[in-house]
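Below is one structure, written out as structure tokens; the observations come after it.
The values are calculated or read from the model by the stated rules, or taken from the named source; none is laboratory data. As the structure is a computational prediction, the values presented were derived from the model and not from experiment. Cβ sites come from the backbone with ideal geometry, for glycine too, and all protein chains shown count toward neighbours. Please note that ligands, DNA and RNA were not included when accessible areas were found on the heavy atoms of the full protein model with its side chains. Shrake-Rupley method; radii C 1.70, N 1.55, O 1.52, S 1.80 Å.
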Amino acid sequence: RKIIFEKQWFYLDNAIGHIYGTTFEVTSGGNLQPKQEVEDTTTETKEAGTDNRNIVDDGKSQKLTHDDIKALKDKGIKGQEIVQQLIENSTTFRDKTEFAQDKYIKKKKKKYEAVITIVRPSTRILSTMYYAREPGKINHLRYDTLAQMLTLGNVRAGNKMMVMETCSGLVLGAVMERMGGYGSIIQMYPGGGPVRAATSCFGFPKHFFDNLHEFPLSKVDSLLSGTFSTETLPSEPEDNTLVEEESNGLLDEKQTCPQETEEESTTEAAMELNQTEEQETMDMNAEDVEFKENKEKENKENVREKQRKQWERRKKLIETAALLQEKNADGLIVASKFHPTPLLLSLLEFVAPSRPFVVYCQYKEPLLECYTKLRERGGVINLKLSETWLRNYQV
């Protein structure tokens, strides 16, 4: 399919089979071609000014117009050559300082040279991307905060971790990456099913998901009170008889059609006509019967498939419940849009003594409340309320 990325569109077909970190050039038609390494030929000393004080950005320094550049592109001239032309046609380029020249070249290269590097997905890349593009989907969880959470939660291979998150599966993916497929993870989820949009972007091998379990938050209270039971499933025969009755009804209706046509016939000519019609309807009928039988088979198979999936879900739910009832989880990470206090108080029951837990919230107030509640309740030590902050330095 067509990939659109930062005003650039291309097809990924040619990338298959290349190693991660390969740089591609986007050719005409959106095809990718591995980029040949070209050594910089500009080894001679560049002509550069001493300062930028006298340069005025009046938009007149570039001799090439927008149409000229478009014409160059249409001719199929490569981005590298367009950048070179832009440098040659700039009246102020030589007066700029060396740093300003480099900055100018970099900026123009980004605009005109369609170069793409495909990298292996990782927590760092995905969290940076989500934070830059869709921070609302991950509750404005910054990448440095996520790093702190993984460290404070002592996430490592062989652990039995509990994760409750509404960050599109980013936190879950980060935990899975750090555990490397060893140990087990129980994802607690609200609503009908777990959300793992970001988790699927990591491209984990299949065996990583073997020890990933999920459990609905709605059943936590019943599990703690000991009244937990899985929902009853419909028995197999009921569904099948329903399907059969319906299809039989349809067949009976179809079979009455030819008899009606017989009764209507009066003259011999009409009789003959009817006979041919009858023959046709009989043929159609045979087809219909076959079609209905196939439909019946499909319906039966669908029902069985549905029931099999329900049984599997039920079996998994029972397994996960058994895991939770051991109450020996090695850690708990909560990062959700819900109020942390009730969540944490109920989920802490499943965590083994002396094990860490980390709670992230987008706002300070719910965490303050949670902190005071835990202090009053007791039973927790080394409780800290902190806010990480990040500053970018330009070196």
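A full extension of the chain between K106 and T22 corresponds to an added length of 28.2 nm, given 0.36 nm per residue minus the alpha carbon distance.
With the simple model of a label 7 Å out from the Cα in the direction of the Cβ, A197 to K316 spans 2.0 nm. For the Cα trace of region 118-192, dividing Rg by the Kirkwood Rh returns an Rg/Rh value of 0.96.
Using only alpha-carbon positions in region 279-395, the gyration tensor eigenvalues give semi-axes of 57, 22, 13 Å once each is multiplied by 5 and square-rooted (largest first). What the Cα atoms of region 86-227 give is an Rg and a Dmax of 22.2, 81 Å. Taking the alpha carbon gyration tensor of region 156-201, multiplying each eigenvalue by 5 and rooting it gives semi-axes of 18, 12, 7 Å, largest first.
The modelled label-to-label distance between S354 and L224, using points 7 Å beyond Cα along the C-beta direction, is 2.5 nm. Grab the beta carbon distance between E81 and T388, set R0 = 41 Å, and tell me the FRET efficiency rounded to 0.05. It comes out at approximately 0.30.
If you plug the beta carbon distance of E287 and Q307 into 1/(1 + (r/R0)^6) with R0 = 30 Å, you get a FRET efficiency near 0.50.
Within straight-line reach of K306, meaning a Cα separation under 26 Å, sit the following lysines at least 8 residues removed in sequence or on another chain: K206, K219, K292, K295, K297, K315, K316.
In order along region 151-168, the Karplus-derived 3J(HN,Hα) couplings, from 6.51 cos²θ - 1.76 cosθ + 1.60 at θ = phi - 60°, round to 6, 5, x, 6, 6, 8, 4, x, 6, 10, 9, 10, 10, 10, 9, 10, 10, 6 Hz, and Gly and Pro are given as x. Here r is the Cβ-Cβ distance between K327 and L217 and R0 is 22 Å; the resulting FRET efficiency, rounded to 0.05, is 0.80. When the trypsin sites (Lys or Arg not before Pro) in region 292-392 are filtered for DSSP coil states and for at most 10 other beta-carbon atoms within 10 Å of their beta-carbon, the remaining sites are K384, R391. Entry comment: accessible area of region 1-125 is 79 Å² per residue, from protein heavy atoms only and a probe of 1.4 Å.
Counting only protein heavy atoms and using a 1.4 Å probe, the accessible area of D210 comes to about 100 Å².
Summarising the amide proton neighbourhood of R355: residues at separation of 5 or more, or on other chains, whose placed amide H is nearer than 5 Å comprise an empty set. Grab the other residues whose beta carbon is less than 15 angstrom from that of E214, score K and R as +1, D and E as -1, and report the net. Spelling it out: positives minus negatives among the neighbours equals +4. Note that region 301-395 presents 72 Å² accessible area per residue, ligands and nucleic acids not counted, probe 1.4 Å.
Each residue of region 94-101 was assigned a 3J(HN,Hα) from its phi angle through the Karplus expression (A = 6.51, B = -1.76, C = 1.60, θ = phi - 60°), giving 5, 7, 6, 6, 4, 5, 5, 5 Hz with x at Gly and Pro. Subtracting the Cα-Cα distance of T65 and R377 from 0.36 nm times their residue separation leaves 105.2 nm of extension gain.
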